[in-house]
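Quick notes on the structure that follows.
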Amino acid sequence: MCGIIGVIARRDVGATLLEGLKNLEYRGYDSAGFAVIRDGDGFVVRKEVGRVGQLDQYLPDAAGGKIGIAHTRWATHGPPTQINAHPHLSNDGRFAIVHNGIIENYAVLRELLEKYGVRFVSQTDSEVVAQLIAHEARNGAADPIREAVLRLEGTFGLLILDRENPNRLVAVRQGSPLLIGIGEGEYYAASDAAAILAHTRQVIYIDDGEIAEITLDGFQTHTFANEPVVHAPSRIDWEIESIEKGGYPHFMLKEIMEQPQALRNCFAGRLRPVEGTVRLGGIAPLEDDFIRRLGRLVITGCGTAWHAGLVGEYLLEELARLSVEVEYASELRYRNPILGYGDLLIAISQSGETADTLAALREARLRGARVMGICNVVGSTIAREAGIGVYTHAGPEIGVASTKAFVTQVATLAMLAIQWGRLRGVLSHVDATRLAESLEQIPNHIAHACGQSDTIRAIAEAYADTSNALYLGRGINFPIALEGALKLKEIAYIHAEGYPAAEMKHGPIALIDERMPVVVIATEDKIRDKILSNIHEIRARKGRVVAVATEGDTAIAENASHVIYVPRVPPILSPLVNVIPLQLLAYHAAAIRGCEIDKPRNLAKSVTVE
Ligand code: M6R
């Protein structure tokens, strides 16, 4: 996630801006930059790809700058390059902006501004903000910033400097966090308190739909409709370490709780329930006819990404009537796969750097197949080599155990299945609209599931001393059983196996006794009754059942030792919600067992070797 900081003071602010950026590094970023207005000679802008520390060399250039803004970028639109790094300037050099969030209608605005002769230099969605403000100013708007903001759609935390009004810092908030710090005769604005905590603990939190104008004399806040707003200051009692984790004890828990927002970011500008469509811009180079005639579709990835691919198989088969195969990348690369002209390979990878997934992608391309990526890290090797693909926009995932990356990968595959289902003429407009509407509601359902963390912790207490566990699911929830088992293995060091529920009687049932906990995904769908029968079979052998069931399903509760209820959603989208309790169960079991959750033993976040 991007981080932003702005400072206005009676002293040079360069060092404070860079120190603020360093305190935002934990959020993850790929490039950074700052801009100051230097007495008498306008903006000084410096940017670099890579570490914030590289900006230190430019500190002397900021001398004389008593107002400035700075940014750590986590790329969403356009790869991590110096040009795409923030701050962005308007063509006329009057306005400089830094942005945290996504401007959903940037393409429309950019096209419009280009018609007026505006020349864009970056590939970002953010640059449109600087250019739009300058355009409004040229058109004589009394308040060009407000006029421009009214035309933006999406999420934004913005800090804006105006060379013609060099004693004012403007902060705008819509959907991205922003606060103002009150110092001794100086003021700060930041996306996150960590950036300013070394200077002040007195802050006000700006609300969505508000603009704050900050000068050395103080600040004024008003709504986008220009109505004044007054906020009472609050005091921050947290230390930097706990802010980094958002107040959570571990990044993994923070990232679990962030999933509703990660999904909203993933859907932004793509999911259009009103039109009944999905538009994934990054796959436009795959010609419609190619998708209509697609022979073989192979999905590949490793670990959690491979599980997301398995859910994708169900989605694409059901909604787009495509015949899909899902292969471990490490296996695919050394086989002699039947992949060639007319076929498509989808490589899924959070990091975009996993060696086996990259090798599988290269192998498929060598054999003449088309390739596309589903990646989180913009500009990563897999994303660049695939050329075609979809970014999941989950934001940086720091915990080794993949959580928000998984749900955004599955959501991306769901969007892909809807888009291709329509394109291939196998999904009706009505059904596509209904699904898009349901998908849009999933973040709320996930938030509800996250709200059960305490209940799940109590269940984890009862099983934390176990050495083994079975996870069962059927249909589209079989991969969720695999994912739940993987989470428990990797962070709680408990041996766990995921199985299709009906396979139990072909072997694993022999393991069941009073010591074996069995986690069963038993939410409502056409085979829920068969799952209930499986639960009876486990109970008959004294196994302990932890069931994930649909709210109100008392029959499951009566037959399970513990039940975790999740909201009712269309069964085809249920993996997105059902995985949440399993992530939390593994998390709490690991916490109770005292495991090192964010960096489990022997594991790396990104496996760049074979
Ligand atoms: O970065 P990738 O998505 O390519 O990583 C793939 C796997 O290494 C990863 O999903 C791994 O299985 C996670 N630790 C699971 O939580």
Counting only strands (runs of 3 or more DSSP E) wholly inside the stretch 35-108, the ones holding at least 1 residues that are out of contact with any strand residue (DSSP E or B) (no Cβ under 6 Å at 6 or more places or on another chain) are 42-49, 65-73
Pairing a residue in the stretch 378-390 that is of a type in the set (D, E) with any residue that is within 14 Å of the ligand (Cβ to nearest atom) and modelled with pLDDT of 95 or more, where Cβ atoms lie under 7 Å and the two sit 6 or more apart in sequence or on different chains, gives E385/L361
When V44 is run through (1) more than 25 Å from T155 (Cα to Cα); (2) among the β-branched types (V, I, T); (3) crowded, with 20+ Cβ neighbours inside 10 Å, the failure sits at (3)
The stretch 168-227: strands (runs of 3 or more DSSP E) wholly inside it with 3 or more residues that are without any contact (Cβ under 8 Å) to a residue 60 or more places away in the chain, of a type in the set (A, V, I, L, M) and at negative phi are 179-182
* Asked: Any residue at all in the stretch 290-303 that is charged (D, E, K, R) and crowded, with 20+ Cβ neighbours inside 10 Å?
  -> no
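Quick grid of which residues meet (1) within 16 Å of the ligand (Cβ to nearest atom); (2) surrounded by fewer than 19 Cβ atoms within 10 Å (Cβ to Cβ); (3) modelled with pLDDT of 95 or more; (4) over 30 Å from A414 (Cα atoms):
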{"site": "V569", "(1), (2), (3), (4)": "no, no, yes, no"}
{"site": "S574", "(1), (2), (3), (4)": "no, no, yes, no"}
{"site": "I580", "(1), (2), (3), (4)": "yes, no, yes, no"}
{"site": "A586", "(1), (2), (3), (4)": "yes, no, yes, no"}
{"site": "G594", "(1), (2), (3), (4)": "no, yes, yes, yes"}
{"site": "S606", "(1), (2), (3), (4)": "yes, yes, no, no"}
Subset of the stretch 295-330, residues in a helix (DSSP H, G or I), under 13 Å from L413 (Cα atoms) and within 14 Å of the ligand (Cβ to nearest atom), comes to A305, W306, H307, A308, G309, L310, V311, G312
A460 meets each of (1) closer than 25 Å to E490 by Cβ; (2) within 15 Å of the ligand (Cβ to nearest atom); (3) of a type in the set (A, V, I, L, M, F, W, C) with one exception, condition (2)
Of L344, L358, L366, the only residue that is crowded, with 21+ Cβ neighbours inside 10 Å, of a type in the set (A, V, I, L, M) and away from the ligand (no atom under 15 Å from the Cβ) is L344
Exactly one of I456, I480, I446 is surrounded by 22 or more Cβ atoms within 10 Å (Cβ to Cβ), in the same structural domain as E537 (by TED's automatic domain parsing), under 18 Å from T523 (Cα atoms) and within 22 Å of the chain's Cα centre (by Cα), and that residue is I480
Notebook entry, point to check: What do you reckon, is E258 in contact with a helix residue (DSSP H, G or I) (Cβ under 7 Å, 6 or more places away or on another chain), of a type in the set (D, E, K, R) and within 13 Å of the ligand (Cβ to nearest atom)?
Noted result: no
Of L253, L263, the only residue that is more than 16 Å from the ligand (Cβ to nearest atom), crowded, with 20+ Cβ neighbours inside 10 Å, in a helix (DSSP H, G or I) and not β-branched (V, I, T) is L263
task: Kindly establish whether V278 is buried (at least 22 other Cβ atoms within 10 Å of the Cβ), touching a residue at least 24 places away in the same chain (Cβ under 8 Å), within 16 Å of the ligand (Cβ to nearest atom) and in the same structural domain as G425 (by TED's automatic domain parsing).
output: no
Output for Cβ contacts, cut-off 6 Å, separation at least six or different chains, first residue farther than 16 Å from T304 by Cα and assigned by TED's automatic domain parsing to the domain that holds N376 in the stretch 354-365, second within 15 Å of the ligand (Cβ to nearest atom) and among the charged types (D, E, K, R), reads A359/R333; A360/R333; E363/R333
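So that you can scan it fast, the table gives a plain yes or no per residue for (1) over 30 Å from E258 (Cβ atoms); (2) surrounded by 15 or more Cβ atoms within 10 Å (Cβ to Cβ); (3) of a type outside the set (A, V, I, L, M); (4) not assigned by TED's automatic domain parsing to the domain that holds A460:
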{"site": "K487", "(1), (2), (3), (4)": "no, yes, yes, no"}
{"site": "M504", "(1), (2), (3), (4)": "yes, yes, no, no"}
{"site": "G543", "(1), (2), (3), (4)": "yes, yes, yes, no"}
{"site": "V546", "(1), (2), (3), (4)": "no, yes, no, no"}
{"site": "T550", "(1), (2), (3), (4)": "no, yes, yes, no"}
{"site": "A591", "(1), (2), (3), (4)": "no, yes, no, no"}
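The values are calculated or read from the model by the stated rules, or taken from the named source; none is laboratory data. Quick caveat: nothing in here was measured; it's all calculated off a predicted structure. Using ideal geometry, Cβ is built from the backbone for each residue, glycine included, and neighbour counts are taken over all protein chains shown.
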